[in-house]
There are 2 protein chains.
Amino acid sequence: MDTLFKSKDYLPHLSVDCVIFGFHGHKLKVVLPKLKKVPLCSLPGGYVRAQESVNKAAQRILRERTGLENIYLEQFCVFGESDRADPQVLRDFLVSNNISIAADSWLMQRFISIGYYALVDFSQVTTAVGAFDESCEWYDVQQLPDLAFDHADIILKALETLRLMLDHKLVVFNLLPDTFTMKELQTLYETILDKPLRRDNFQRKMLSTGILQRVEKKFTGAANKAPYLYRFWTMP
Amino acid sequence: MDTLFKSKDYLPHLSVDCVIFGFHGHKLKVVLPKLKKVPLCSLPGGYVRAQESVNKAAQRILRERTGLENIYLEQFCVFGESDRADPQVLRDFLVSNNISIAADSWLMQRFISIGYYALVDFSQVTTAVGAFDESCEWYDVQQLPDLAFDHADIILKALETLRLMLDHKLVVFNLLPDTFTMKELQTLYETILDKPLRRDNFQRKMLSTGILQRVEKKFTGAANKAPYLYRFWTMP
DNA sequence: TTTTATTGTTTCAATTTGGCACAATAATAG
DNA sequence: CTATTATTGTGCCAAATTGAAACAATAAAA
C-alpha cells in the first residue's frame with residue numbers, strides 16, 4: 001500500500017470524497033465501492049497530489065472511478081471532526097486484507113475530507129473497481145448499505161445540498177441523458193425532493209425558464225399520445 | 001515564528017480563514033488585520049491543531065480575533081489552488097520583519113484554506129491585533145484594501161454565499177444588535193443585496209415570517225413618528 | 001370505430017407580490 | 001397652541017405567480 005501511496009506524493013491529512021449521483025429506474029443512486037473482505041462500502045475517494053489543485057484532484061478521482069471527463073462536480077462541505085474515522089474500522093480492513101502498514105504511516109493519521117458531489121448520466125458510466133474494492137456498484141440513496149466512517153453523513157449532506165441547489169441552479173440536467181421527456185424530468189425532481197409535483201404546473205414552470213429545447217416526438221409504443229423529447233438548451 | 005507554531009502541534013498544509021462580517025453606518029464591513037511592514041492586509045486566519053476539529057479551530061481563531069464566543073459561523077468554501085499563495089508575498093513579509101524560517105519549514109509549504117464566514121454584532125466586537133499585525137480594523141466591503149494571496153477572492157466568495165443564504169435562512173439578525181428598527185433591518189438587506197427594496201413590501205414580508213417580536217417604541221428625537229423596535233424571536 | 005391512457009394546453013381561482021395612498025405621530029416652526 | 005414636516009405603519013387595488021381542474025390531442029389496443 002505504501003508503494004501505491006507514497007507520502008511525498010500526496011498532501012497528508014487531506015482526502016477527497018466524491019458522492020456520485022446518478023438517476024435510473026425512478027431512483028436516485030450513488031456509486032459506492034464495496035471494500036474487500038469487510039462488510040462495508042465507502043465513498044470513492046482519494047488524495048491530493050503535492051502540486052495538484054484540490055478541484056483537479058477531485059476531477060482526477062472521479063475520472064478514475066467512472067472513466068468520464070468534464071463531469072459536473074461541486075465541492076459542498078468539509079468534514080473535519082477529529083474522530084470522524086473510527087480507527088478500528090480501518091484496522092479491521094487492513095488485517096482482513098493482510099496489508100501491513102507502519103503504525104506511524106501517514107495513512108494511519110487523521111484525515112480531513114473535502115466532500116464533492118458529481119452529477120452524471122447513469123447510462124454513460126461504467127464503474128471501475130479499484131485496487132482495494134471487491135465491487136463498485138450503484139446503490140439506491142434510500143437504501144444505502146453499511147458505510148465506513150462518516151460516509152453515510154457525507155452522502156446525506158450532499159443530498160441536502162443538491163435539494164437546495166435545485167431551486168436556483170439548473171444543474172439537474174447533468175443527471176439525464178442528452179434527450180428526455182418532460183415526465184422523466186419531473187420524476188427526477190420528485191425523486192430528489194422526495195415529494196410529488198403537479199404535472200401541469202411543472203411543465204409550465206419548466207417551459208417558462210426557456211432552457212428546454214423541444215426536439216421531436218418520442219414514439220414509446222405505449223397506448224397514449226407520444227410525448228416530446230427535450231434537450232437542455234446550450235448555446236451553439 | 002517556529003516557536004509560536006510548532007509543526008507537531010498543527011496539521012500541515014491546512015489553514016482556516018475567517019471572513020468576519022459586521023454592519024455599521026449603512027455599510028457592510030469585514031475585519032482585516034494589516035500585516036506588519038508590508039502594505040497588505042490579510043484575512044484573520046490560523047491553523048488546525050492536531051486533535052482539534054476543523055469547526056472548533058475556526059471558532060477558536062474567531063475568538064482570538066474578536067474575543068467573542070458563540071458566534072454565527074459557517075464554512076463556505078475550500079480554496080485549494082496549488083498557486084493560490086504567491087511565495088514572493090510571503091518572502092517579502094518575512095524579510096521585512098526580520099523573521100527567518102527554514103526553507104523547508106512547514107509554514108513555507110503549500111496551504112489549502114478552509115473558508116468560514118462569521119456574522120457578528122459590530123458594536124460588540126473589539127478587534128484584537130495579532131502578533132504579526134500592525135493593526136486590525138473594520139473595512140468597507142466595497143472599498144477593500146490591497147489583500148495578500150487570494151484573500152480578496154475569498155471575501156468575494158463569502159459575500160456571494162451570504163447573498164444566497166439571505167433568501168432561505170434567517171441568519172442576518174446576527175449582524176444586528178439585540179433590538180433594531182425595521183429601517184435598520186431593511187438597510188442591512190439592501191446593503192448585502194446591493195439593491196433598493198420597497199419599504200412597505202419589505203415590512204409586510206418580514207412581519208409575515210413571524211420571527212420578529214415587537215418590543216417598544218424607539219424615540220429617536222427625529223421629527224417624525226417613532227419607529228418600533230424589534231427583537232429576533234427566539235424560543236424562551 | 002371505440003376505448004383507454006397519457007400528454008399538452010387552456011382556463012379559472014387562489015395566493016403572493018408590486019405599488020400607491022393615507023392615516024398616525026414626533027419634533028419643529030410660526 | 002396650531003400648522004408644518006418627515007417618517008412610519010398599514011390598508012387597498014392591480015399585476016404577477018401559483019394551484020387546481022378541465023379539455024383537447026393522440027398513439028395503441030379492444
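Summary of computed values
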| item | result |
| --- | --- |
| Residue under evaluation residue A:211, criteria (1) closer than 21 Å to residue A:71 by Cα; (2) within 16 Å of DNA strand C (Cβ to nearest atom); (3) in contact with a Pro (Cβ under 7 Å, 6 or more places away or on another chain), criterion not met | (3) |
| Condition broken by residue A:232, with the remaining ones in (1) within 16 Å of DNA strand D (Cβ to nearest atom); (2) under 20 Å from residue A:121 (Cα atoms); (3) in contact with a helix residue (DSSP H, G or I) (Cβ under 6 Å, 6 or more places away or on another chain) satisfied | (1) |
| Residues satisfying the stated conditions in the range A:164-180, i.e. farther than 14 Å from residue A:24 by Cα and either within 16 Å of DNA strand C (Cβ to nearest atom) or surrounded by 17 or more Cβ atoms within 10 Å (Cβ to Cβ) (or both) | A:165, A:167, A:168, A:179 |
| Subset of the range A:217-236 (residues that are in contact with a strand residue (DSSP E or B) (Cβ under 7 Å, 6 or more places away or on another chain) and over 22 Å from residue A:172 (Cβ atoms)) | A:217, A:226 |
| Residue list for the range B:137-187, restricted to those being modelled with pLDDT under 95 and among the acidic types (Asp, Glu) | B:167, B:178 |
| Test result for residue A:190, without any contact (Cβ under 8 Å) to a residue 12 or more places away in the chain, in contact with a Leu (Cβ under 7 Å, 6 or more places away or on another chain) and either more than 10 Å from DNA strand D (Cβ to nearest atom) or not hydrophobic (A, V, I, L, M, F, W, C) (or both) | yes |
| Selection count where residues are in contact with a Leu (Cβ under 7 Å, 6 or more places away or on another chain) and more than 20 Å from residue B:77 (Cα to Cα), scope the range A:18-31 | 3 |
| Flag if residue B:199 is more than 15 Å from residue B:187 (Cβ to Cβ), under 29 Å from the mean Cα position of the chain (by Cα), near DNA strand D (Cβ under 9 Å from one of its atoms) and modelled with pLDDT of 90 or more | no |
| Number of positions in the range A:202-226 that are under 28 Å from residue A:158 (Cβ atoms) and near DNA strand D (Cβ under 7 Å from one of its atoms) | 1 |
| Some residue of the range A:169-184 being aromatic (Phe, Trp, Tyr) and at positive phi | no |
| In the range A:223-236, the residues that are over 15 Å from residue A:184 (Cα atoms) and within 11 Å of DNA strand C (Cβ to nearest atom) | A:223, A:224, A:225 |
| Residue A:122 in contact with a helix residue (DSSP H, G or I) (Cβ under 8 Å, 6 or more places away or on another chain) and within 14 Å of DNA strand C (Cβ to nearest atom) | no |
| Within the range A:16-51, tally of residues that are assigned to a strand (DSSP E or B) and in contact with a Cys (Cβ under 6 Å, 6 or more places away or on another chain) | 3 |
| Residue B:19 being within 14 Å of chain A (Cβ to nearest Cβ) and touching a Phe, Trp or Tyr at 6+ places or on another chain (Cβ under 9 Å) | no |
| Selection count, the range B:172-187, where residues are within 12 Å of DNA strand D (Cβ to nearest atom), in contact (Cβ under 8 Å) with a residue 40 or more places away in the chain and charged (D, E, K, R) | 1 |
| Extreme residue, farthest from the other protein chains (Cβ to nearest Cβ), among residues of the range A:36-90 that are closer than 20 Å to residue A:125 by Cβ and basic (Lys, Arg) | A:65 |
| Qualifying residue in the range B:70-91 (condition: among the aliphatic types (A, V, I, L, M), in contact with a strand residue (DSSP E or B) (Cβ under 9 Å, 6 or more places away or on another chain), over 18 Å from residue B:111 (Cα atoms) and surrounded by fewer than 21 Cβ atoms within 10 Å (Cβ to Cβ)) | yes |
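Yes/no per residue for (1) touching a strand residue (DSSP E or B) at 6+ places or on another chain (Cβ under 9 Å); (2) surrounded by 20 or more Cβ atoms within 10 Å (Cβ to Cβ):
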residue	(1), (2)
B:114	yes, yes
B:123	yes, no
B:126	no, no
B:134	yes, no
B:151	yes, yes
B:155	yes, yes
B:162	yes, yes
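The values are calculated or read from the model by the stated rules, or taken from the named source; none is laboratory data. Here the structure is a predicted model, which means the values were calculated and not measured. Methodologically, a virtual Cβ is constructed for each residue, glycine included, from the backbone with ideal geometry; neighbour enumeration extends over all protein chains shown.
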